[in-house]
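Let me begin by presenting the structure, written as structure tokens, before commenting on it.
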């Protein structure tokens, strides 16, 4: 995209509340820091354009900053300007394809990605993004073809591996999915790869490996609700209610609108006093 529980119980509860508060605070800090970086980049590129208004590099990069900020229309305007200054530029064509895909204008997105591939066949990103777009269009054979092309061009690209793994997982092709996710985390440990492996092992009823995978995801991103909820579900299936409750509550801290998780938490909380009274 860029161009270049008693007192012990009370103590445990207070510790958990403190931990969840820390998670929420860190999440807020991460958001504030990221917003500050975006504003600084926008200011830098805008001032640069005052001096070099015909620089397609700067228009493209400014569009990318807007894109990462979620300002799709502003990004697209910059990319269209960049394309006028550098017609046929594969990177800019790919970026415009992303903008159309984001708005679910898939036919237009496909055209931009195909144009990018036509201009630069060995450029990984348009193959990858075209594959993802075809997947959204339910054109799974075409999606697989493009994702495999992306992986062939960039074997260490974890996003390409993960997208191909996700396609295989959703098709029930677990062995092929596992290979892609394993290759992904071998290239570079990452949350999506670990979560994919965890999902596979859950389907295989392999709780030991599922826990290892989801713990790997949590170790990299404590805010990842998918890993938290699924780790909680594994603990729950093992009868480890305290650990399950901990993970569900941590997940709910970053996904507060998840009604299913909230229901599990309420059930676990309602069962906890009964379990305690039974022990005494």
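So which residues in region 210-222 are under 10 Å from residue 191 (Cβ atoms) and surrounded by fewer than 19 Cβ atoms within 10 Å (Cβ to Cβ)?
219, 220, 221
Which members of region 76-104 meet the condition of being under 21 Å from the mean Cα position of the chain (by Cα) and part of a loop (DSSP other than H, G, I, E, B)? Don't jump to the end; show me each part of the working.
Step one: list which residues in region 76-104 are under 21 Å from the mean Cα position of the chain (by Cα), which gives 94-104.
Hits for region 76-104 are 103, 104.
Quick one: which of 13, 36, 4 is exposed (fewer than 15 other Cβ atoms within 10 Å of the Cβ), out of contact with any helix residue (DSSP H, G or I) (no Cβ under 6 Å at 6 or more places or on another chain), on the phi > 0 side of the Ramachandran plot and modelled with pLDDT under 90? First the steps, then the outcome.
Values: 13 fails: on the phi > 0 side of the Ramachandran plot; 36 fails: on the phi > 0 side of the Ramachandran plot.
Every option except 4 fails the conditions.
I'd like to know if region 53-68 contains one or more residues that are surrounded by fewer than 17 Cβ atoms within 10 Å (Cβ to Cβ) and more than 15 Å from residue 1 (Cα to Cα). Steps first, answer last, please.
The initial filter retains those residues of region 53-68 that are surrounded by fewer than 17 Cβ atoms within 10 Å (Cβ to Cβ), namely 53-54, 68.
Checking which are more than 15 Å from residue 1 (Cα to Cα) leaves us with 53-54.
Yes, region 53-68 contains a residue that is surrounded by fewer than 17 Cβ atoms within 10 Å (Cβ to Cβ) and more than 15 Å from residue 1 (Cα to Cα).
For residues that are surrounded by 16 or more Cβ atoms within 10 Å (Cβ to Cβ) and more than 29 Å from residue 190 (Cβ to Cβ), tally how many sit in region 226-254.
Residues flagged as surrounded by 16 or more Cβ atoms within 10 Å (Cβ to Cβ) and more than 29 Å from residue 190 (Cβ to Cβ) within region 226-254 amount to 1.
Can you find a residue in region 189-208 that is part of a loop (DSSP other than H, G, I, E, B), modelled with pLDDT of 95 or more and surrounded by 19 or more Cβ atoms within 10 Å (Cβ to Cβ)? Before the answer, list the steps.
Taking region 189-208 and keeping what is part of a loop (DSSP other than H, G, I, E, B), we get 189-190, 204-206.
If we keep only those that are modelled with pLDDT of 95 or more too, we end up with 189-190, 204-206.
Going one step further and asking which of them are surrounded by 19 or more Cβ atoms within 10 Å (Cβ to Cβ), we end up with 190.
The answer is yes; a qualifying residue exists.
Within the bounds of region 110-133, is there any residue that is surrounded by fewer than 17 Cβ atoms within 10 Å (Cβ to Cβ), at pLDDT 95 or above and under 20 Å from the mean Cα position of the chain (by Cα)?
No, every residue in region 110-133 fails to be surrounded by fewer than 17 Cβ atoms within 10 Å (Cβ to Cβ), at pLDDT 95 or above and under 20 Å from the mean Cα position of the chain (by Cα).
Against the definition (part of a helix (DSSP H, G or I) and surrounded by fewer than 21 Cβ atoms within 10 Å (Cβ to Cβ)), how does residue 257 come out, yes or no?
On the way: part of a helix (DSSP H, G or I): no; surrounded by fewer than 21 Cβ atoms within 10 Å (Cβ to Cβ): yes.
So residue 257 does not fit the description; no.
The values are calculated or read from the model by the stated rules, or taken from the named source; none is laboratory data. The structure displayed is predicted, hence computed values, not measured ones. Glycine also receives a Cβ, built like all others from the backbone with ideal geometry; neighbour counts cover every protein chain displayed.
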